[in-house]
Every structure is written in C-alpha cells, then in structure tokens.
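**Student:** So that we are looking at the same thing, I have put the structure below in structure tokens.
What follows draws every value from the coordinates through simple rules; no lab data is involved. Fair warning: this is a prediction, and the values are worked out from it, not measured in the lab. Positions of Cβ are generated from backbone atoms using ideal geometry, with glycine treated the same way; all protein chains shown enter the neighbour counts.
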C-alpha cells in the first residue's frame with residue numbers, strides 16, 4: 001500500500017481518495033475506519049453530556065426502553081433508540097448481534113461457540129456480549145467463515 005499526501009493551500013476540506021484494483025474486505029475496513037474517525041455520538045453520564053468518538057464505543061445496548069453505549073472506561077445513556085444508533089453507526093463497522101445490541105466489529109478480540117448456536121464475543125477490555133443464533137450467520141459471513 002502506498003500513501004500519497006497532496007497538501008494544498010486552497011483546499012476547502014480534507015478529501016481521501018482510494019485507488020485500488022478491486023474493492024475487498026481490506027478496502028471496506030479502511031473506509032469504515034475513515035468514517036468512524038469523524039463520527040461523534042453524544043451521551044450522558046454523571047449528569048453531564050459527553051461527546052464520544054464512534055471508534056471508542058465498544059457496543060450499544062437497549063435495556064428497558066433505554067439505550068446505553070459502552071466505552072472502555074464509561075457507560076453513557078443516549079436519547080437515541082437502538083435502531084437510530086444502528087443507522088448512524090452501520091457504515092462505521094457496527095453490527096447488530098441481537099435484538100437489543102450492536103457491537104463495534106473492530107473491538108472483537110475473540111469468539112467462542114455457546115449453546116444453541118449462539119456465540120460469545122470477547123471485546124477489547126474484556127467485556128463479553130452474546131451474539132444470538134439469529135445474527136450469528138451475519139457475523140460468520142463478515143469473518144469469511
């Protein structure tokens with residue numbers, strides 16, 4: 001891979017152009033990381049509103065009609081519903097793993113089969129989430145299995 005930077009004084013915004021022979025999983029991963037770089041999500045913790053980079057979010061969970069997202073160091077509540085978070089984060093490599101949970105695919109460290117076709121995913125930092133039987137094929141396909 002070759003990286004070329006073209007610095008221009010008259011540039012209005014940063015532009016990233018990818019030239020490749022074929023769009024494959026590697027290229028799609030690069031695109032997802034670039035999209036994640038600029039994506040911000042707001043959440044509340046300790047009676048304060050925080051702005052969090054999407055890349056720092058490990059997973060998003062809906063519990064009793066409340067939506068929470070988890071980072072390595074904190075849990076935030078957001079006013080967005082889970083499907084709204086999914087819409088905002090899908091192009092950033094977040095994947096639905098159950099009816100009430102999305103996971104940042106980049107933070108998965110290991111996968112372990114569980115009973116009834118479920119999968120236990122261990123994330124960076126040691127958190128574990130359950131990939132339901134219904135969503136397990138999507139994760140396997142994403143891994144090329």
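**Student:** Considering only region 75-87, state which residues are in contact with a strand residue (DSSP E or B) (Cβ under 7 Å, 6 or more places away or on another chain) and within 15 Å of residue 40 (Cβ to Cβ).
**Tutor:** Within region 75-87, 76, 78, 80, 85 meet the criteria.
**Student:** Another one. List the pairs whose first member sits in region 17-29 and is within 15 Å of residue 2 (Cα to Cα), whose second member is outside any loop (DSSP other than H, G, I, E, B), and whose Cβ atoms are under 7 Å apart, counting only residues at least 6 apart or on separate chains?
**Tutor:** Final answer for the pair search is 18/27; 18/30; 20/27.
**Student:** Which residues, counting only those in region 119-142, are part of a helix (DSSP H, G or I), surrounded by 11 or more Cβ atoms within 10 Å (Cβ to Cβ) and free of Cβ contacts under 8 Å to residues at least 40 places away in the same chain?
**Tutor:** Within region 119-142, 136, 137, 140 meet the criteria.
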